[in-house]
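Please read the structure below before turning to the comments.
The values are calculated or read from the model by the stated rules, or taken from the named source; none is laboratory data. No experiment lies behind these values; they were computed from the predicted model shown. Here Cβ is always computed from backbone atoms with ideal geometry, including for glycine, and neighbour counts include all displayed protein chains.
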Amino acid sequence: MKVSQRVKEVPYSAIRKLTPFADEAKKKGKKIYHLNIGEPDTETPGEFFDAIKNYDTKRLGYAHSKGLVELREATSKYYKDRGVDFDPDDEIVITTGASEALVFSLICVSDLGDKILTCNPFYSNYHTIFRQIGVNPQTFDTHVEDGYKLPDYETILAAVTEETSAILISNPSNPTGAVYTEEEIRRLARVAKERDLFIIADEVYREYVFDNDEFISFAEIEGIEDRLIVLDSISKRFGACGARIGSVASKNKDLMKEVVKLATGRLAAPTIDQIGATKLYDVSTDYFEDVKNEYQRRRDCIYEELSKIDGVKVYPSRGAFYVMPELPVDNTEDFAKWLLTDFDVDGETVMVAPADGFYHDSDAGKKQVRIAFVLNCEDLKKAIRILNLGIIEYNKLKK
Ligand SMILES: Cc1ncc(COP(=O)(O)O)c(C=O)c1O
């Protein structure tokens with residue numbers, strides 16, 4: 001008996017790769033500032049918990065495979081309030097997080113061995129899901145120097161091959177914090193039309209766009225309705241990662257029938273979480289404003305602190321809660337591990353995600369790290385000062 005070759009080929013999550021070293025450091029009494037995981041530290045609105053407490057039933061049954069009608073309607077209204085029309089009956093399916101929405105979408109648009117076009121760097125769990133499904137990433141590069149803007153039309157077009165079936169893009173971006181302009185989105189849409197590709201738009205961070213910039217959804221671009229699939233989630237929107245509720249939406253009804261087929265095969269997303277999620281959509285828009293303002297303050301803090309470090313290449317993130325700077329060290333994976341195993345400042349250290357796992361066919365990530373600014377400003381400042389001292393010490397040892 002042996003475990004399959006294909007599971008062996010699934011990479012470890014880049015974000016959690018160093019967790020055993022962190023566990024070991026904690027056992028030794030070190031305090032760790034976690035900048036490696038993108039889990040909001042903001043409170044989940046009470047509406048979620050109240051709805052579950054008030055759910056009066058003697059039997060916890062399966063929900064509809066497409067999701068509870070009330071939640072599909074609430075999701076549809078959320079979109080409608082933002083000028084986007086998805087019918088709750090046949091254009092939205094509730095999933096177990098955006099993660100499952102992505103699995104369903106990829107299965108619906110690709111065959112084994114197909115290629116999915118995305119930008120370097122990309123959300124590292126895409127690697128895991130690509131390997132599970134049997135598709136391969138294909139990438140065009142974006143760069144730290146300009147805050148990871150998209151390259152020009154010709155460069156993106158040149159990355160498409162006969163095997164490419166879809167473009168997958170996270171906007172606002174995990175891992176870079178880039179937010180694409182309407183022009184950049186239209187550029188991708190033009191490539192998709194030119195080469196007849198689906199577009200999978202992962203917009204789970206759409207609430208977090210800074211500096212009063214406007215978020216433009218792919219769903220607002222005319223002429224791509226039949227090729228567009230929008231992934232969504234309550235994980236980041238409402239700080240409710242543990243609820244595991246997301247959705248997939250498309251105006252392509254044939255495609256949505258296939259999504260429903262897959263959804264039926266896994267029976268249903270969790271009923272209780274859907275009950276709570278439905279009520280989250282009653283939360284006032286002030287909630288989003290307050291949370292966004294807090295992340296913007298943190299963005300300002302982290303940018304200011306990182307800019308003070310000699311040799312760091314950094315830019316102000318435009319959205320989400322990530323930044324991916326380049327550090328003046330030879331290998332960020334070794335460095336990040338060393339921070340946990342061999343370094344501390346008065347018993348405290350910092351954990352960052354080495355960026356190599358966010359890239360395909362590129363060494364750029366070996367000099368970069370992804371930082372999630374999910375700590376308050378005071379802790380972020382402390383964490384970045386520790387990182388700075390770590391860089392100095394590590395480079396002395398390397399000489
Ligand atoms: C870009 C992106 N897409 C999808 C997901 C998965 O979200 P969910 O918790 O809804 O599965 C994440 C989670 O971090 C993410 O960053």
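Structure above, values below:
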item	result
Where a residue in the stretch 252-264 is in the same structural domain as Leu68 (by TED's automatic domain parsing) and its partner, wherever it lies, is polar (S, T, N, Q), with Cβ under 6 Å and at least six apart	Met256/Ser250; Ala263/Ser65; Thr264/Ser65
Number of the exception - Lys313 against (1) surrounded by fewer than 19 Cβ atoms within 10 Å (Cβ to Cβ); (2) closer than 26 Å to Phe48 by Cα; (3) not acidic (Asp, Glu)	(2)
Residues of the stretch 260-293 that turn out to be in a loop (DSSP other than H, G, I, E, B) and either within 16 Å of the ligand (Cβ to nearest atom) or farther than 18 Å from Thr44 by Cα (or both), as a count	6
Boolean, Gly276 is assigned by TED's automatic domain parsing to the domain that holds Val69, crowded, with 21+ Cβ neighbours inside 10 Å and not hydroxyl-bearing (Ser, Thr, Tyr)	yes
Hey, Ile229 touching a helix residue (DSSP H, G or I) at 6+ places or on another chain (Cβ under 9 Å), touching a residue at least 60 places away in the same chain (Cβ under 8 Å) and crowded, with 24+ Cβ neighbours inside 10 Å or not	yes
Residue selected from the stretch 92-103 under the condition out of contact with any strand residue (DSSP E or B) (no Cβ under 6 Å at 6 or more places or on another chain) and surrounded by fewer than 24 Cβ atoms within 10 Å (Cβ to Cβ), by the criterion farthest from Cys241 (Cα to Cα)	Val103
Residue in the stretch 209-225 that is within 16 Å of the ligand (Cβ to nearest atom) and in a strand (DSSP E or B) present	yes
Members of the stretch 226-241 that are within 16 Å of the ligand (Cβ to nearest atom) and either out of contact with any strand residue (DSSP E or B) (no Cβ under 6 Å at 6 or more places or on another chain) or assigned to a loop (DSSP other than H, G, I, E, B) (or both)	Ile234, Ser235, Lys236, Arg237, Phe238, Gly239, Ala240, Cys241
Exclusive hit being assigned to a helix (DSSP H, G or I) and out of contact with any helix residue (DSSP H, G or I) (no Cβ under 8 Å at 6 or more places or on another chain), set Asp334, Asp356	Asp334
Entirely in the stretch 98-204, the strands (runs of 3 or more DSSP E) that have 3 or more residues that are within 11 Å of the ligand (Cβ to nearest atom) and closer than 21 Å to Val323 by Cα	164-170
Number of positions in the stretch 199-226 that are more than 20 Å from Ala178 (Cβ to Cβ) and in contact (Cβ under 8 Å) with a residue 24 or more places away in the chain	4
Residue check for Glu70: in contact with a helix residue (DSSP H, G or I) (Cβ under 6 Å, 6 or more places away or on another chain), under 22 Å from Val260 (Cβ atoms) and either among the acidic types (Asp, Glu) or within 16 Å of the ligand (Cβ to nearest atom) (or both)	yes
Residue among Arg190, Arg237, Arg195, Arg131 that is modelled with pLDDT under 95 and surrounded by fewer than 21 Cβ atoms within 10 Å (Cβ to Cβ)	Arg131
Subset tally (residues that are buried (at least 22 other Cβ atoms within 10 Å of the Cβ) and of a type outside the set (A, V, I, L, M, F, W, C)) for the stretch 207-226	1
Some residue of the stretch 30-48 being in contact with a Ser or Thr (Cβ under 7 Å, 6 or more places away or on another chain) and of a type in the set (Gly, Ala, Ser)	no
Considering residues of the stretch 242-259 that are in a helix (DSSP H, G or I) and either under 17 Å from Tyr281 (Cβ atoms) or in contact with a Phe, Trp or Tyr (Cβ under 6 Å, 6 or more places away or on another chain) (or both) only, the residue nearest to the ligand (Cβ to nearest atom)	Ala243
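Results for (1) touching a helix residue (DSSP H, G or I) at 6+ places or on another chain (Cβ under 8 Å); (2) farther than 25 Å from Ala201 by Cα; (3) surrounded by fewer than 17 Cβ atoms within 10 Å (Cβ to Cβ); (4) at pLDDT 95 or above, shown as yes or no for each residue.
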position	(1), (2), (3), (4)
Ala14	yes, no, no, no
Pro45	yes, yes, no, yes
Phe48	yes, yes, no, yes
Asp56	no, yes, yes, no
Leu106	yes, no, no, yes
